[in-house]
Structure formats: structure tokens, C-alpha cells
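Written below as C-alpha cells is the structure these notes are about.
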Amino acid sequence: MLPFTSSVESAKRYLEKVPFGGTTPMASGILTGVQTILQELKREPSAVPIMILVTDGTVNVPLNRGGSIERELLQVCKGVTDYRINMLVVDISRNGSELAEKLADVACGKYYHPVLLSKETLYSAIKGERDDLTDITSSASNLR
């Protein structure tokens with residue numbers, strides 16, 4: 001998990017060192033991200049929260065023993081929307097993941113599946129999301 005930052009450049013440096021893959025329980029990771037963002041928003045209410053979920057769309061660990069992994073994920077992603085956290089889902093699977101697309105949809109986020117994933121492509125997606133949201137926030141402030 002990337003520590004909370006407003007610097008896309010810091011995120012880029014961090015992501016260059018993070019290996020993708022493994023067996024992280026996705027719903028638990030998203031919940032941890034939501035809690036972290038909510039704590040940071042208490043300190044910096046004007047921040048524009050963006051959660052970036054990098055996934056291959058393969059899940060293997062439920063939140064609760066015997067629980068439905070997909071149902072839990074959809075509930076967690078609905079919570080992302082309820083807290084007005086912007087989500088960017090970066091699908092690193094070879095052919096695209098229906099689950100990753102569905103998570104982005106439920107979270108009212110953006111789905112991104114680069115043909116060739118590189119750290120630079122990921123950085124560009126994050127920077128674009130930040131710039132888009134900053135433009136929207138600035139426009140809304142000017143209307144007041």
C-alpha cells in the first residue's frame with residue numbers, strides 16, 4: 001500500500017519498486033485504503049481522494065470465512081462510492097478482467113486496461129485521473 005500522498009511523482013517512485021502479483025485479500029486491502037483515506041481527509045479536508053486499485057482481477061481470500069468473495073468486493077466498492085472516494089482500477093491481467101471492470105463500475109470509478117502495462121503507463125493513468133479531478137474541483141469552486 002502506497003502511503004497517502006498528494007504527489008503523483010512520489011507515487012511513481014514508489015510504484016517503480018512495488019512488485020505486482022501475489023495473494024493480497026482484495027476486499028481487505030480496499031477497506032484498509034478507505035480507512036486510510038478517511039483518516040487523511042480529517043487532517044486535510046480539501047484533498048481530492050483517489051484510490052488506485054492495481055489488480056489482475058483474480059481474488060482468492062474472502063473477508064469472512066466461507067463468504068462470497070465477489071459479493072464482499074461489490075459491497076466494499078459500493079462503500080468507496082458512499083464515501084465519495086474516486087477509484088481508478090488498473091487491470092494488469094493479460095486479456096482484461098470482467099471482475100475488475102465490474103468493481104470500477106460499482107465504485108463509479110474508471111477502469112483502465114493498458115495493452116502493454118509499464119510503470120510509465122500506470123503513472124500516466126494516475127496523473128490523468130488527478131488532473132481530471134483537480135479540474136472538476138476547481139470548476140466547482142469557481143461556481144460558488
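Please verify whether the stretch 52-60 includes one or more residues that are in a loop (DSSP other than H, G, I, E, B), farther than 18 Å from R84 by Cα and in contact with a helix residue (DSSP H, G or I) (Cβ under 7 Å, 6 or more places away or on another chain). Checked against the condition, which is being in a loop (DSSP other than H, G, I, E, B), farther than 18 Å from R84 by Cα and in contact with a helix residue (DSSP H, G or I) (Cβ under 7 Å, 6 or more places away or on another chain), the stretch 52-60 yields at least one hit. In this entry, N64 is excluded by the filter for residues that are open to solvent by 60 Å² or more (accessible area, probe 1.4 Å), in contact (Cβ under 8 Å) with a residue 24 or more places away in the chain and part of a loop (DSSP other than H, G, I, E, B). Please determine whether any residue of the stretch 121-134 is open to solvent by 60 Å² or more (accessible area, probe 1.4 Å), modelled with pLDDT of 90 or more and either out of contact with any His (no Cβ under 9 Å at 6 or more places or on another chain) or closer than 24 Å to L31 by Cα (or both). No: the stretch 121-134 contains no residue that is open to solvent by 60 Å² or more (accessible area, probe 1.4 Å), modelled with pLDDT of 90 or more and either out of contact with any His (no Cβ under 9 Å at 6 or more places or on another chain) or closer than 24 Å to L31 by Cα (or both).
I want to confirm something. Restricting to the stretch 1-33 and keeping residues that are among the β-branched types (V, I, T) and open to solvent by less than 50 Å² (accessible area, probe 1.4 Å), which single residue is modelled with the highest pLDDT?
Going through the stretch 1-33, the residues among the β-branched types (V, I, T) turn out to be 5, 8, 18, 23-24, 30, 32.
Subset that is open to solvent by less than 50 Å² (accessible area, probe 1.4 Å): 8, 18, 30.
Working: V8: 69, V18: 65, I30: 93.
By that ranking, first place goes to I30.
Among residues of the stretch 72-86 being part of a helix (DSSP H, G or I) and open to solvent by less than 10 Å² (accessible area, probe 1.4 Å), the one that is farthest from P62 (Cα to Cα) is V80. Only residues that are of a type in the set (S, T, Y) and surrounded by 16 or more Cβ atoms within 10 Å (Cβ to Cβ) were counted across the stretch 34-55, and they come to 2.
The values are calculated or read from the model by the stated rules, or taken from the named source; none is laboratory data. These numbers were taken from a predicted model, which means no experiment stands behind them. Neighbour counts are summed over all protein chains in view; Cβ atoms, including those assigned to glycine, are modelled from backbone coordinates with ideal geometry. Please note that ligands, DNA and RNA were not included when accessible areas were found on the heavy atoms of the full protein model with its side chains. Shrake-Rupley method; radii C 1.70, N 1.55, O 1.52, S 1.80 Å.
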